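The values are calculated or read from the model by the stated rules, or taken from the named source; none is laboratory data. The structure displayed is predicted, hence computed values, not measured ones. Cβ atoms come from the backbone with ideal geometry, glycine included; neighbour counts cover every protein chain shown.
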Amino acid sequence: MDDEPAHRGLIGDILIPLGFNLVECADAESLLNLRTQLAPDIFLLDINLPGMQGWELVHHLRNYFPLAPLVILSANVHEEQGADLIHPLHNAYLLKPIKITHLLDVLQKNLAL
């Protein structure tokens, strides 16, 4: 999930040819509205979103999907300061621009590929 269509498209360009199915959302409200229709294996979330702070969304997603890995994507290293780093609710934090090898490593680790 990312509010920038170009960023969502880039992730799709990387993951779809590898066999991943993606559901794209531009904001937290759209994602939360779809939650009853989803059975996600993993979430890729931009932390800077319109309408709801990303860390608040992480809390919501943990309530609805307690076992699904949450990977935070951010252009700002300081945004991780909004997270509870002692008891993190997210599984990984990647900085933009995302290095494809790092993304694939995180996916492999969190999805046991």
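Scanning region 24-55 for residues that are within 11 Å of the chain's Cα centre (by Cα) and of a type in the set (Val, Ile, Thr) yields Ile42, Ile47.
For region 5-39, a residue qualifies if it is buried (at least 18 other Cβ atoms within 10 Å of the Cβ) and farther than 22 Å from Pro97 by Cα, and exactly one does: Leu31. Under 19 Å from Lys109 (Cβ atoms), surrounded by 13 or more Cβ atoms within 10 Å (Cβ to Cβ) and either of a type in the set (Ser, Thr, Tyr) or modelled with pLDDT of 90 or more (or both), is that true of Pro69? So Pro69 passes the test. I'd like to know if region 35-55 contains one or more residues that are among the small types (Gly, Ala, Ser) and free of Cβ contacts under 8 Å to residues at least 12 places away in the same chain. Looking through region 35-55, at least one residue is among the small types (Gly, Ala, Ser) and free of Cβ contacts under 8 Å to residues at least 12 places away in the same chain.
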